[in-house]
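Structure first, commentary second.
The values are calculated or read from the model by the stated rules, or taken from the named source; none is laboratory data. In this text the structure is predicted, and so the values were computed from the model without any measurement. Here the Cβ positions follow ideal geometry from the backbone for every residue, glycine too, while neighbour counts run over all protein chains shown.
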Amino acid sequence: MTTEQLLTTTQVAAARGVSRQAILAAVKRGTLTPAFTLGNGYYLFEPEVSR
């Protein structure tokens, strides 16, 4: 899978109808796992998490 097929935190939040902060909190709690964490701390998610 290429990074072009992955979603940003903002894209996942929009698809789920929640705030970006809610997605970040879910990652911190461990209830949502990103596919990748970039060197700058940004997360990328599989498209399935937006469903």
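Provide a single number: the residues in region 28-51 that are modelled with pLDDT of 95 or more and crowded, with 17+ Cβ neighbours inside 10 Å.
Going through region 28-51 one residue at a time, the tally reaches 5.
What are the pairs, 6+ residues apart or on separate chains, where a residue within region 23-51 that is within 12 Å of Thr9 (Cβ to Cβ) and of a type in the set (Val, Ile, Thr) has its Cβ under 7 Å from a residue that is modelled with pLDDT of 95 or more and part of a helix (DSSP H, G or I)?
Filtered contacts from region 23-51: Ile23/Thr9; Ile23/Val12; Ile23/Ala13; Val49/Val12.
List pairs: first residue in region 11-22 and within 12 Å of Arg51 (Cα to Cα), second residue among the aromatic types (Phe, Trp, Tyr) anywhere in the structure, Cβ distance under 6 angstrom, at least six positions apart or on different chains.
Val12/Phe45
Does region 1-27 hold any residues that are loosely packed, with under 14 Cβ neighbours inside 10 Å, among the hydroxyl-bearing types (Ser, Thr, Tyr) and modelled with pLDDT of 95 or more, and which are they?
Thr10, Ser19
I'd like the full set of residues that are farther than 16 Å from Arg51 by Cα and either touching a strand residue (DSSP E or B) at 6+ places or on another chain (Cβ under 8 Å) or assigned to a loop (DSSP other than H, G, I, E, B) (or both), limited to region 28-39.
Across region 28-39, the qualifying residues are Gly30, Phe36, Thr37, Leu38, Gly39.
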